[in-house]
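The values are calculated or read from the model by the stated rules, or taken from the named source; none is laboratory data. On a predicted model such as this, the values are computed, not experimentally measured, just so you know. Glycine also receives a Cβ, built like all others from the backbone with ideal geometry; neighbour counts cover every protein chain displayed.
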């Protein structure tokens with residue numbers, strides 16, 4: 001077991017999770033059951049992963065420590081797939097199937113497009 005690798009992921013994950021919490025505070029004032037904060041965190045995280053991957057590859061900076069800290073730790077702590085699935089489950093119980101479908105489709109499509117946009121921006 002590589003203790004340094006675990007430490008890099010731990011540090012990045014703590015920062016990413018803290019940013020995720022700040023995003024949830026920003027969206028707290030919206031008077032809706034729609035999980036905009038989770039959606040925003042996932043889209044931002046996908047964009048960041050795309051940017052980082054693109055820049056690291058282009059500048060030949062792909063180092064294990066950077067990958068562990070930024071991509072696995074920070075972006076992993078920021079993105080909230082477990083929260084996404086919980087929000088999706090709760091939407092299916094609380095509303096018609098329209099909102100869960102919109103939320104699922106928006107998260108998958110906008111997340112993928114954000115990753116591709118991040119790659120494009122990094123070129």
Scanning region 73-123 residue by residue, those under 14 Å from the mean Cα position of the chain (by Cα), at pLDDT below 90 and buried (at least 18 other Cβ atoms within 10 Å of the Cβ) turn out to be 80, 84
Selection over region 61-96 where residues are part of a loop (DSSP other than H, G, I, E, B) and touching a helix residue (DSSP H, G or I) at 6+ places or on another chain (Cβ under 9 Å) yields a count of 5
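Answer yes or no as to whether residue 31 is modelled with pLDDT under 90, surrounded by 12 or more Cβ atoms within 10 Å (Cβ to Cβ) and more than 28 Å from residue 7 (Cα to Cα).
Against the criterion (modelled with pLDDT under 90, surrounded by 12 or more Cβ atoms within 10 Å (Cβ to Cβ) and more than 28 Å from residue 7 (Cα to Cα)), residue 31 does not qualify.
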_Looking at region 47-58, can you tell me whether even one residue there is surrounded by 15 or more Cβ atoms within 10 Å (Cβ to Cβ) and out of contact with any helix residue (DSSP H, G or I) (no Cβ under 7 Å at 6 or more places or on another chain)?_
yes
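Identify, from the list 21, 99, the residue that is out of contact with any helix residue (DSSP H, G or I) (no Cβ under 7 Å at 6 or more places or on another chain) and part of a helix (DSSP H, G or I). Before the answer, list the steps.
Numbers: 99 fails: out of contact with any helix residue (DSSP H, G or I) (no Cβ under 7 Å at 6 or more places or on another chain).
Sole residue among the options that is out of contact with any helix residue (DSSP H, G or I) (no Cβ under 7 Å at 6 or more places or on another chain) and part of a helix (DSSP H, G or I): 21.
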Conditions (1) in a helix (DSSP H, G or I); (2) over 11 Å from the mean Cα position of the chain (by Cα) -> residue 28 fails only (1)
Assess whether residue 61 counts as being crowded, with 19+ Cβ neighbours inside 10 Å and either touching a residue at least 12 places away in the same chain (Cβ under 8 Å) or within 26 Å of residue 123 (Cα to Cα) (or both). no
